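The values are calculated or read from the model by the stated rules, or taken from the named source; none is laboratory data. These figures come from a predicted structure and were not determined experimentally. Here the Cβ positions follow ideal geometry from the backbone for every residue, glycine too, while neighbour counts run over all protein chains shown.
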Amino acid sequence: MLKFTLHGHACLSIVAEDANVLVDPGAFSKLDDVGRPDAMLITHQHADHAEPGYLAQTSAPIYAPRDAIDALRDQGIPEERLHVVEDGAALTFGSLRITAAVGNHAVIYSGIPTPLNASYLVDGRLLVPGDAFPHIGDPDSVEHVLIPISGPWLKLADAIDFAQRYPSAKVHPIHDALLSAPGIGLADRILDGVLGERFSRARPEVPIEM
């Protein structure tokens, strides 16, 4: 059995019978009920995806793109906890099999530097993109796609186009801490209108079984 739980903004935990992996524990997420992860995956180094204070208080190994690892090292995270994720990496945690695609974070604005971004495909079935819209996974095999819906780099139409690459997948909105309640409601109505029954806003802290 595999299940995942959203913990606000871009953070989620992925749990199998023999593994507990936490993804993107950031500054806008609720981190007091994520348990004791066996490992943590970071998509990129922005604080809403990697909160240094939280990471420093934990002991689990951290996997992230090279520039994010360099930043965490500079922030005092011990070297033995840090593991660089390269493009095409295959990670194993218990029975979980996770493939990484590393590219660039989506452009915010010309001239503003953007970090590397790792997207993670879990067991070929759950896609966590980070702050980009990667080409990864078999479109007919992916069962759940998380799509960011708000950010200074993002247009909702691009998020919908990304979701449409995976025609059989349930689509769950994330990355929405910058939106007001009316803004979230408006985005959800648009997504529901376009995606229909494939759209599903996951309830925070409520596990979704796959």
Thr114 being surrounded by fewer than 20 Cβ atoms within 10 Å (Cβ to Cβ), among the hydroxyl-bearing types (Ser, Thr, Tyr) and part of a loop (DSSP other than H, G, I, E, B): yes
Within the range 178-194, is even one residue more than 22 Å from Asn20 (Cβ to Cβ), in contact with a Ser or Thr (Cβ under 6 Å, 6 or more places away or on another chain) and either at pLDDT below 95 or assigned to a loop (DSSP other than H, G, I, E, B) (or both)? yes
Can you tell me which residue within the range 17-53, out of those that are outside any loop (DSSP other than H, G, I, E, B) and at pLDDT below 95, is surrounded by the most Cβ atoms within 10 Å (Cβ to Cβ)? Pro52
Quick test for you: out of Gly151, Gly137, pick the one residue that is under 20 Å from Asp24 (Cβ atoms), modelled with pLDDT under 95 and of a type in the set (Gly, Ala, Ser). Gly137
I'm checking my understanding of the structure. Among residues of the range 165-208 that are of a type in the set (S, T, N, Q) and touching a residue at least 24 places away in the same chain (Cβ under 8 Å), which one is farthest from Asp24 (Cα to Cα)? Ser168
Flag for Ile147 being in a helix (DSSP H, G or I) and buried (at least 19 other Cβ atoms within 10 Å of the Cβ): no
With criteria (1) buried (at least 20 other Cβ atoms within 10 Å of the Cβ); (2) modelled with pLDDT of 95 or more; (3) among the aliphatic types (A, V, I, L, M), Ala90 comes up short on (1)
Look at the range 150-177 and say how many of its residues are in a loop (DSSP other than H, G, I, E, B) and either within 16 Å of Cys11 (Cα to Cα) or touching a Cys at 6+ places or on another chain (Cβ under 6 Å) (or both). 5
